[in-house]
Amino acid sequence: MKDDRVQRGEFLTGLNPVLEAIKMGERSFDRIYIAKGRGGPRIDELIKLARERDIHIRFEQREIIDKLVGTANHQGIAGVVSAKEYATVDKILKIAKERNEQPFIIILDGIDNPQNLGGIIRSAEAAGVHGIIIPERRAVGVTDAVAKSSAGAVEYVAVAKVGNINNTIAELKEKGIWIVGVDMKGEKRYYEMDYKMPIAVIIGSEGEGVKPLVIKNCDFVVSIPQKGKINSLNASVAAGIIIFEALKSRTKLA
């Protein structure tokens, strides 16, 4: 019998392989693509199981899945496999407690470029960040490409995936964490901020930045001054500036 499993980098394809992988629970999926028009009892079972396990499902034209996977031999089903298991927000807070340090968390709002996420993870690991929080939807997960871009740092940084950034912000506030957004219109310069307290810093995507509702829920909003004609920094660069400024002040505290 022909094996209908086709693995291309970070993808696992074919109805049976993806369905069985979800049932076994030994793989962590960032999302599953299903070709529009694909149906039947087994597809319904796949969708039901994926939703029970909070795996995001996207319905796309078959041609788009062809391009994503690099082959037409996918049966209209392609799962994006995570390069590592995700942590929880509580786990990140536990890491800070175990180190006897005030929590220092990075929240990423809509980063969709694997190189940017990998670079941010690399900076976070170097600066002792306790963990990174990413949204479940409309953002890149911890894929093989991200792991490679992080130069191995992904193995040492806890990454949590959450369904709603604003709900997570509210939960962090209840636990005494101050929320700091990074935005061009911030009332403070990034170097005027006190990073010694328990904080979660929010970095947005290059195009959209931090979403308005997320900014509204921040306790502080800081800006990175720029003199150039292009008023947008690479997300990884912006995160690195903030992360190492925080490290400087937190090192003084130590």
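How high is the FRET efficiency between Q226 and E155 when r is their beta carbon distance and R₀ equals 30 Å, given to the nearest 0.05?
Efficiency computed from Cβ-Cβ geometry: 0.35.
Provide the packing ranking of 121-134, 91-104, i.e. peptides ordered by the mean count of other C-beta atoms within 10 Å per residue, highest first.
So the order, starting with the most tightly packed, is 121-134, 91-104.
Averaging sequence separations of C-alpha pairs under 8 Å and six or more residues apart, then dividing by the length of the stretch 1-127, give the relative contact order as a whole percent.
Numbers: 137 pairs, mean separation 37.8, N = 127.
For the stretch 1-127, the relative contact order is 30 percent.
In the stretch 105-223, if every C-alpha pair distance is counted and binned at 10 Å from zero, what percent goes to each bin?
With 10 Å bins starting at 0, P(r) equals 14, 47, 35, 4.
Could you give the DSSP H helices of the chain that reach 18 angstrom or more along their long axis (alpha carbon positions) and whose average Kyte-Doolittle hydropathy is no lower than -0.5?
Those that pass (Cα extent of 18 Å or more, hydropathy at least -0.5) are 114-127, 235-253.
Accessible area per residue for the chain in Å², computed with a 1.4 Å probe and the full protein assembly in place, what is it?
On the way: 12990 Å² over 254 residues.
Counting only protein heavy atoms, the per-residue value for the chain is 51 Å².
Rg and Dmax of the stretch 58-119 over Cα atoms: what are they, in angstrom?
17.8, 52
How much solvent-accessible surface does K196 expose, in Å² to the nearest 10, with a 1.4 Å probe and all protein chains in place?
My reading of the accessible area for K196 is about 80 Å².
Grab the Cα-Cα distance for I43 and K91, subtract it from 0.36 nm times how many residues apart they are, and report the gain in nm with one decimal.
Working it through step by step, the gained length comes to 13.9 nm.
Which residue, G25, G207, G110, has the most motion in a Gaussian network model of the chain that connects Cα atoms within less than 10 Å?
G25
Using the Kirkwood formula on the Cα atoms of the chain, what hydrodynamic radius do you get, in angstrom to one decimal?
In the chain this quantity evaluates to 19.3 Å.
Dipole size in debye (nearest 20) for the stretch 1-140 around its Cα centre, Lys and Arg Cβ +1, Asp and Glu Cβ -1?
Result for the stretch 1-140 is approximately 200 debye, rounded to the nearest 20.
With charges set only on the Cβ (+1 for Lys and Arg, -1 for Asp and Glu), what does the dipole of the stretch 136-204 come to about its Cα centre, in debye to the nearest 20?
Values: 10 positive and 9 negative charges, 23 e Å.
Using only the charged Cβ atoms, the result is roughly 100 debye.
GNM on the chain, C-alpha springs below 10 Å: top fluctuator among Q61, Q115, Q75?
Among Q61, Q115, Q75, the largest GNM mean-square fluctuation belongs to Q61.
The values are calculated or read from the model by the stated rules, or taken from the named source; none is laboratory data. Predicted model only: the values in this text are computed from it and were never measured. Cβ atoms come from the backbone with ideal geometry, glycine included; neighbour counts cover every protein chain shown. Accessible surface areas use protein heavy atoms only, side chains included; no ligands, DNA or RNA. Shrake-Rupley method; radii C 1.70, N 1.55, O 1.52, S 1.80 Å.
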